[in-house]
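Shown next, in structure tokens, is the structure this report addresses.
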Amino acid sequence: MSAANPAFVYGLVWTIILVLTAQRWTTQLLPLNRSTVTLVVANIVTFAAAFAVAAAATRGTPTAEAAGTTPFELSALRRLSKRLFQIWVAGSVVETIVGRGLPIFWLLAGDTTRDYRDFGVPSVHGLLTAVYLTLVVAHFIFYRVYRDRRDLLTVLFLLWWPLLLVNRGALVWALFEIAAVQLLTSRFVLSQALKMAAVALAALLVFGFVGDLRTGFHKDALRGVVSADAQFLVDDLPSGFLWVYIYVTSPVNNVVAAIDRLQPMYRVYFSAMNLLPTIVRDKVFTDPDNRYALGLVNEAFNTATWYANFLGDFGVRGTIAVVAAMQLVIAWFYVHARRGWLWAVLAYAALFQGIALSIFSDTLTSLVTIAQVAIAVGYGQWTFRALARGRFREPLPAR
């Protein structure tokens, strides 16, 4: 089984999170309950079933190499990435002017009234983020295919952008999408595992540094949230370990606290939040008592895994069914990505981060992810039509 397999990834990350949460290394964590474990285990099983169904349903689909479309797809993607880069740069310049600078400069200037959430033009910023992430994935694909250092340098250059925005979330999204391409385009051997572990460690250290930057490097503030038998997280390890532990266990802790007292509405309400542009969402969801689908154990940690909105609308059984349907879609894209179709690789990279971050929040139904998938599918449809019409009989040059 490939390490990029979504069923494998989902089972692995959720098993790890349940084990880490059970340790209760921070004072806010509650004991795991049967309902939460049942919910997670049920969807681990449904994901395995979804992959089996998707694989069987697409068994006759040829690989991109067999269809002879790979050279053209690569050259078409190169053209698309150049256009997208122009759009992203122009849009980012406008957003920087509108925001009177970047969040990193706000922070360095002592302006604590604003952060990355205040940067950019509402709704437009989400689209530019989708374009940005598509560029990261596209150039990493180019690097994996051509081994051209210019493409790798482009990826590294792009990864500075979330740091300038002091936005750890965007950095994590980008890194997970890069990981998806890496796993899809290589055999998972020990050397690859060690390389990915090194990248993960580096990302963890950067994550901790950004967290410390935002809290003013006050270690005592972290010591107060750690349980008595886990002070080693503050005293002996880089702060990134504790920051990551807090961020990955707090969401499931909110589920644990609320799941047995749920009163679902059995209608689409919370589930539609992510599907609306920010401008519309702020006008539709104005009830302060219905801001979060589940209650919060700690107001500072206001996410509750990707289950939260579905649980608030449909209860445990309904959530299992809704998530299973989403898993089937993810598995369908994965099967095509494994067969070398670049449009599917672009789309699956976005979906992969949704799986990996499902332990934190619902990024899968985010308009950023949906826009990424739409760009990928649109690119795929364009290449199919161009080939069918004989518009390009010879592959375009790689550059």
Among (i) 22.6; (ii) 21.7; (iii) 20.7, the value of mean projected area of the Cα convex hull in nm² computed for this structure carries the label (iii)
Checking Leu364, Leu296, Leu194 against a Gaussian network model of the chain (alpha-carbon springs below 10 Å), the top fluctuating residue turns out to be Leu194
A convex hull over the alpha carbons of the stretch 314-378 yields, per residue, a volume in Å³ of 80
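Assuming R0 = 22 Å, can you tell me the calculated FRET efficiency for the pair Ser35 and Tyr266, based on Cβ-Cβ distance, to the nearest 0.05?
Values: r = 18 Å, r/R0 = 0.81.
After rounding to 0.05, the efficiency reads 0.80.
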Under the helix-only model (-39500 (n - 2.57) for each DSSP H run of 4 or more, divided by the residues of the chain), the mean residue ellipticity at 222 nm, to 500 deg cm²/dmol, is -22000 deg cm²/dmol
About its Cα centre, the stretch 10-85 carries a charge dipole, from +1 on Lys and Arg Cβ atoms and -1 on Asp and Glu Cβ atoms, whose size in debye to the nearest 20 is 260
The chain, Gaussian network, Cα under 10 Å: of Thr61, Thr319, Thr365, the residue fluctuating most is Thr61
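Bear in mind that the values in this text are calculations on the coordinates, not laboratory data. Bear in mind that the values here come from a model prediction, so they are computed numbers and not experimental data. Reconstructed Cβ throughout: ideal geometry from the backbone, glycine too, with neighbour counts over all protein chains shown.
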